[in-house]
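Heads up, the thing below is written out as structure tokens.
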Amino acid sequence: VITVEQKRLEEILEMTKGHGRLLVLGCETCAAMSLSGGKKQAEELASAIRIARKQSQEEGEVFVDAVARQCEPEFVDLVEKEVEQSRAVLSLACGAGVQLLAERFPNKVIIPGCNTTFLGVTEKLGVWSERCAGCGNCILDKTGGLCPIARCAKQLLNGPCGGSTNGKCEISRDVDCVWQLIIDRLTRLDRLEILEEIFPVKDWSPAGHGGPRKMVREDLAS
Amino acid sequence: MRNELGEPDAGGRRSPTPLPGSEFSLNVDTVIAAIGQALDSSFLSNEPKLGKKGNRIVAKDPDTLATTHPGVFAGGDAVTGPATAVAAIAAGKRAALGMDLYLKKASKPLPEPERDTEPQRISGPVIGKTTKFSRSQNTNLPVSNRLSGFDEVASVFSEDLATTEALRCLHCHLGAKVDREKCISCLTCVRVCPLEIPKANKMGEIVIDPVDCQACGMCALECPVGAIEISLHPHHDMVHAMEKAMSDTSHISPRIVSFFDLHGNFGAKDLERLKTHYPNVVPLTVFGLRRIGTYDVLKAFELGADAVLLAACPHEMDPFPETRNKVKGRMAHASAIMEALGLGANRLKTCDMPEKGLILETFMDELVQKIKEMGPSPIQV
């Protein structure tokens with residue numbers, strides 16, 4: 001899941017100040033699954049903004065809507081009327097959703113209510129952790145199914161480094177050294193010899209370092 | 001009709017006999033029939049083929065309720081002697097199945113009586129993780145006291161006992177229902193349910209067993225897309241009650257919106273007394289504080305509350321004690337938001353209800369005083 005985290009209320013109040021009639025728009029896939037941007041969270045946030053506005057005697061209705069995914073033009077277009085009726089939109093989607101809104105509604109102020117954090121897994125209710133950096137060139141076959149790009153603070157390809165102590169990373173005692181985990185797992189699978197092959201210098205162009213990425217399925221797009 | 005005592009019977013006992021022509025009228029609103037009831041078995045004497053024991057019919061086959069007379073089935077008080085209406089209805093259903101077999105000349109065994117299978121349908125976690133409540137005892141007067149006065153010997157339940165007794169009921173079929181159109185398969189309900197009821201299949205479809213679900217409300221509150229509704233005390237009813245209570249009390253200041261857990265040991269009279277003694281309190285009853293989230297707290301302030309109080313039932317009366325920590329977590333979250341909004345976290349209070357009654361008066365006095373000193377909520381209503 002793409003995880004998003006609602007911004008601090010103070011920051012949201014500052015960004016939405018003076019924008020008058022405001023639409024708080026939930027995004028009911030990844031953002032809802034992150035328990036940050038579903039309609040429920042949108043209602044809660046709208047209530048908080050209304051309270052803040054009452055206190056500062058700021059005019060402007062705050063209302064709520066939601067779409068299945070703000071990253072799909074067909075869904076975004078379904079709230080065209082609601083967007084047109086508002087002065088600004090506070091989007092609770094990830095960065096992609098916020099930008100698609102901005103693209104579809106060129107004359108509207110679009111405000112991000114969430115920070116997009118990472119691609120990760122749910123550990124348990126309310127706890128998510130990063131697993132994938134979207135580098136565009138998966139090497140998990142060579143690292144025992146554990147990603148050093150997403151999970152090593154230095155993104156080392158030939159780890160571990162000298163900062164690995166008792167299985168933990170030097171940045172924090174709470175962070176596992178992923179290279180320790182890789183070695184433990186390959187030992188268990190009796191495949192440690194994989195690591196004898198040295199990773200060459202990584203080509204970061206599929207990771208976006210060569211400019212914004214685009215994916216085209218010729219058979220479908222033509 | 002008036003009666004008079006008749007001639008003594010063989011045992012020397014005189015029973016009342018109606019006085020001819022003594023009919024009279026009474027002007028009343030309600031009539032409660034409190035006459036003794038017994039089986040009129042006079043018809044049995046004309047049925048020599050029917051096996052009898054005293055004045056009861058013998059059901060030869062306890063499964064089909066067939067009697068010794070082929071094609072005749074019997075059940076209810078005529079067979080068991082005085083019992084409940086439910087037992088008689090059940091016997092009727094079994095006899096009907098027995099007749100069906102008889103008419104089809106089939107020997108297919110009848111299904112097991114439902115009383116043997118029904119309790120086992122409740123799954124393990126429901127039995128293991130909900131608090132057990134014993135049946136309330138109605139008090140019988142000790143013999144010595146009965147001799148010395150005219151007090152009721154077998155008393156009925158007082159209001160609070162009756163409420164406690166009613167709350168023991170399982171809430172089968174009153175619980176969570178998932179709206180498939182809205183559900184995004186986020187698994188929050190699966191993870192938050194204290195009784196492990198919601199189950200997901202490979203395609204992410206969520207199934208909530210209507211018998212197992214006990215309507216605690218955790219999933220409905222946490223569902224990020226509002227795809228879950230609870231039949232028992234649905235959330236929108238609570239919000240409507242809050243809106244109404246706030247509009248009815250708009251002339252009062254300050255106002256403390258107070259959520260009282262229905263599992264506390266209190267009755268309607270306690271609520272009435274609270275309203276009279278503490279006009280500043282706007283009481284609302286909820287089926288567990290686990291039903292209250294940040295949205296509800298903020299809503300109360302939006303509607304003009306100056307403070308919000310959450311009164312938890314005593315720990316041992318909470319049917320889902322595991323949810324209490326989650327309530328604390330939510331209130332910490334709500335406090336942080338109130339702080340960020342400049343309302344001040346001290347306008348949100350939680351307390352435990354006493355063993356008996358609604359709330360301790362000393363606590364309420366202090367709270368009302370404190371909120372008065374704080375002054376009205378900074379929101380201009």
Helix B:235-248 sits at what angle to the longest principal axis of chain B, using alpha carbons and giving 0 to 90 degrees rounded to 10? 70
For segment B:278-377, one quarter of the surface area of the C-alpha convex hull, expressed in nm², comes to 6.3
Pick from B:Asp237, B:Asp77, B:Asp160 the residue whose mean-square fluctuation is largest in a GNM of chain B, springs joining Cα atoms under 10 Å. B:Asp77
What is the order of A:Val1, B:Val257, fewest Cβ neighbours within 10 Å to most? A:Val1, B:Val257
Once the other residues with Cβ under 10 Å from the Cβ of B:Asn346 are scored (Lys, Arg +1; Asp, Glu -1), what is the net sum? +2
Report, to the nearest 10°, how far helix A:95-104 tilts away from the longest principal axis of the Cα atoms in chain A, using its own Cα long axis and a range of 0 to 90°. 40
Considering only Cα-Cα distances, which of the following residue pairs are longer than 29 Å: B:Lys49/B:Lys104; A:Lys7/B:Lys326; A:Lys17/A:Lys154; B:Lys199/B:Lys326; A:Lys124/B:Lys356? A:Lys17/A:Lys154; A:Lys124/B:Lys356
Points 7 angstrom from Cα along the Cβ direction at B:Asp365 and B:Asp248: gap in nanometres? 2.7
Counting pairs of Cα atoms in segment A:45-192, how many percent are more than 18 Å apart? 69
Integer Hz, Karplus 6.51/-1.76/1.60 couplings in order for segment A:25-41, x for Gly and Pro: 10, x, 10, 9, 10, 4, 5, 5, 5, 7, 6, 10, x, x, 4, 4, 5
Cut-off of 10 Å, at most 12 other beta carbons, DSSP loop: longest stretch of chain B lacking such GluC sites (Glu not before Pro): B:206-354
Log entry: pair-distance distribution for segment B:168-246, C-alpha pairs binned every 5 Å from zero, whole % per bin is 3, 17, 26, 24, 16, 9, 5, 2, 0, 0
Cβ-based exposure ranking for B:His69, B:His171, A:His209, B:His263, in which fewest neighbours within 10 Å come first: A:His209, B:His69, B:His171, B:His263
Of the candidates B:Met242, B:Met99, B:Met331, which one comes out as most mobile in a Gaussian network treatment of chain B with C-alpha springs shorter than 10 Å? B:Met99
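Please work out the Kirkwood hydrodynamic radius for chain B, using every pair of different C-alpha atoms, and report it in angstroms with one decimal place.
26.4
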Charge tally in the Cβ shell below 9 Å around A:Ala150, where Lys, Arg are +1 and Asp, Glu are -1, A:Ala150 excluded: +1
Quick one: if you take sqrt(5λ) for each eigenvalue of the C-alpha gyration tensor of the protein assembly as shown, what semi-axes come out, biggest first, whole angstrom? 63, 37, 24
Residue-count net charge about B:Thr131 - beta-carbon cut-off 11 Å; Lys, Arg +1, Asp, Glu -1: 0
At a Förster distance of 51 Å, what's the computed FRET efficiency of A:Ser172 paired with B:Asp63, Cβ-Cβ distance as r, to 0.05? 0.15
For the protein assembly as shown, what is the mean residue ellipticity at 222 nm derived from helices alone (per DSSP H run of n ≥ 4: -39500 (n - 2.57); sum divided by total residues; nearest 500 deg cm²/dmol)? -8500 deg cm²/dmol
Using the number of other C-beta atoms within 10 angstrom as an exposure proxy, rank A:Leu157, B:Leu103 with the fewest first. B:Leu103, A:Leu157
Label-point separation, B:Glu7 to B:Glu165 (7 Å along Cα→Cβ), nm: 4.5
With a Förster distance of 35 angstrom and the Cβ-Cβ distance between A:Val127 and A:Arg87, calculated FRET efficiency to the nearest 0.05 equals 0.40
Specify the angular offset, from 0 to 90 degrees and rounded to the nearest 10, of the alpha carbon long axis of helix B:268-277 from the longest principal axis of the alpha carbons in chain B. 30
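Coordinate-derived values only; no laboratory data. Quantities reported herein were computed from a predicted structural model and do not represent experimental measurements. Virtual Cβ from ideal backbone geometry, glycine too; neighbours counted across all protein chains shown.
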